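Structure first, then comments.
Nothing in this text is a laboratory measurement; each read-out follows from the coordinates by a stated rule. Predicted, not measured: the structure shown is a model, and the values here were computed from it. Cβ atoms come from the backbone with ideal geometry, glycine included; neighbour counts cover every protein chain shown.
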Amino acid sequence: SEIENQLLKHPAVALAAAVGYPDEMRGHLVKAFIRLNPDYEQSEKLKKEISSFVKTRLAAHEYPRIIEFLEEFPLTTTGKVMRRVLRDRD
């Protein structure tokens with residue numbers, strides 16, 4: 001997706017997946033799951049930096065409102081991210 005493409009342009013991001021989650025006011029918002037590159041540490045500051053990075057490159061409703069860092073992603077046998085599994089985490 002375009003959101004994932006923009007997330008991957010950030011130097012801290014090694015792998016990214018974006019999923020929608022329900023929101024009472026807006027219908028759906030974006031949540032991003034991110035695996036960081038080895039030189040980066042998980043922090044709230046980095047979450048805000050990545051979110052702002054994407055926000056300046058996409059429409060206002062497309063940037064991730066929530067970012068969750070993951071060490072391992074659920075993958076299919078062909079190496080694609082299983083977004084359904086990520087969506088069902090909450």
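Please go through the range 36-58 and pick out each residue that is in a helix (DSSP H, G or I) and among the acidic types (Asp, Glu). Quick ask: steps written out before the conclusion?
To start, the set of residues in the range 36-58 that are in a helix (DSSP H, G or I) comprises 44-55.
Those that are in a helix (DSSP H, G or I) and among the acidic types (Asp, Glu): 44, 49.
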Just give me the residues in the range 59-71 being assigned to a loop (DSSP other than H, G, I, E, B), under 12 Å from the mean Cα position of the chain (by Cα) and over 14 Å from residue 5 (Cα atoms), in sequence order.
70
Residues that are part of a strand (DSSP E or B) and in contact with a helix residue (DSSP H, G or I) (Cβ under 7 Å, 6 or more places away or on another chain), drawn from the range 72-89
none
Subset of the range 1-44 that is without any contact (Cβ under 8 Å) to a residue 12 or more places away in the chain and of a type in the set (Gly, Ala, Ser) - its residue that is farthest from residue 89 (Cα to Cα):
43
